[in-house]
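The values are calculated or read from the model by the stated rules, or taken from the named source; none is laboratory data. Quantities reported herein were computed from a predicted structural model and do not represent experimental measurements. Note that each Cβ is placed from the backbone with ideal geometry, even for glycine, and that neighbours are counted across all protein chains shown. With ligands, DNA and RNA removed, areas are computed over all heavy atoms of the protein, side chains included. Shrake-Rupley method; radii C 1.70, N 1.55, O 1.52, S 1.80 Å.
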Amino acid sequence: MTVARPGDEAAMRAALDLAAQPPTGPQAGIDVPIAALVLGPGGDIVASATNARAAHDDPTAHAEIVAMRRAAQLLGNWRLDDHTLVVTMEPCPMCAGAARLARVGRVVFGAWNDDYGAAGSVWDVLREGRLPVRVEVVGGVLERDCAQLVKSFFQDRRGGAGVIEGV
């Protein structure tokens with residue numbers, strides 16, 4: 001795991017603010033409040049997204065995937081070299097694989113995902129040595145705040161089932 005850089009905490013706060021916004025629409029409040037940002041090489045926000053699986057009836061509409069799609073469209077290039085993906089929860093295998101295939105240079109995440117994490121907790125898709133592109137990974141940035149947001153979501157909806165341990 002790499003050490004956080006200046007600006008990582010501010011970017012995570014921006015992602016947390018996005019994830020904490022009250023959901024709207026007919027499927028409001030169904031998706032886990034996770035947000036992702038794609039930062040350009042200078043640290044500017046290129047694209048952002050929250051989970052949108054229920055809103056779009058799309059099982060692939062995780063915050064990371066939606067943010068990377070938006071960034072690629074805005075940049076006119078599917079390659080996100082020298083970009084940073086900031087996400088409030090450790091990416092799952094699908095999102096970690098997409099980040100590698102998009103050539104994202106860094107992934108910064110907040111809370112660990114003990115069920116589906118693919119950046120070092122359950123799997124390590126982002127740094128798997130048999131794949132040609134490696135990604136710099138920074139985990140645990142504002143971990144407690146990020147975990148608390150998800151914990152509150154599950155407590156409100158499921159009486160605590162699926163809650164992140166230790167928060």
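Before moving on, here are some points about what is shown:
- Residue 17 sits with roughly 110 Å² accessible to a 1.4 Å probe, with DNA, RNA and ligands left out of the calculation.
- Chain lengthening between residue 123 and residue 2 when straightened (0.36 nm per residue, less Cα-Cα): 41.9 nm
- Gain in span if fully extended, residue 144 to residue 60, counting 0.36 nm per residue against the direct Cα distance: 27.6 nm
- Taking GluC sites (Glu not before Pro) across segment 78-167, the ones in a DSSP loop with at most 12 further Cβ atoms lying within 10 angstrom of their Cβ are 165.
- Cα centre as origin, Lys/Arg/Asp/Glu Cβ charges: segment 1-143 dipole, Debye: 440 debye
- Only DSSP H runs of four or more residues enter the estimate; each adds -39500 (n - 2.57), and after division by the residues of the chain the mean residue ellipticity at 222 nm equals -10000 deg cm²/dmol.
- Nearest-ten-degree value, helix 8-20 long axis tilted from longest Cα axis of the chain: 40 degrees
- In terms of its alpha-carbon gyration tensor, segment 1-84 comes out oblate; a/c meets the 1.5 threshold, while b/c is at least as large as a/b.
- Over the chain: Kirkwood hydrodynamic radius from C-alpha pairwise inverse distances, Å: 15.6 Å
- Here is the list for segment 31-94: trypsin sites (Lys or Arg not before Pro) lying in DSSP coil, each with at most 15 other C-beta atoms within 10 angstrom of its C-beta, are 79.
- Mean separation of Cα pairs under 8 Å and 6 or more residues apart, divided by the residue count, gives the chain a relative contact order of 20 percent.
- Cα gyration tensor shape of segment 78-117, rounded if a/c is under 1.5, else prolate or oblate by comparing a/b with b/c: oblate
- With respect to the chain, whose longest principal axis is taken over its alpha-carbon atoms, helix 143-158 is tilted by about 40°.
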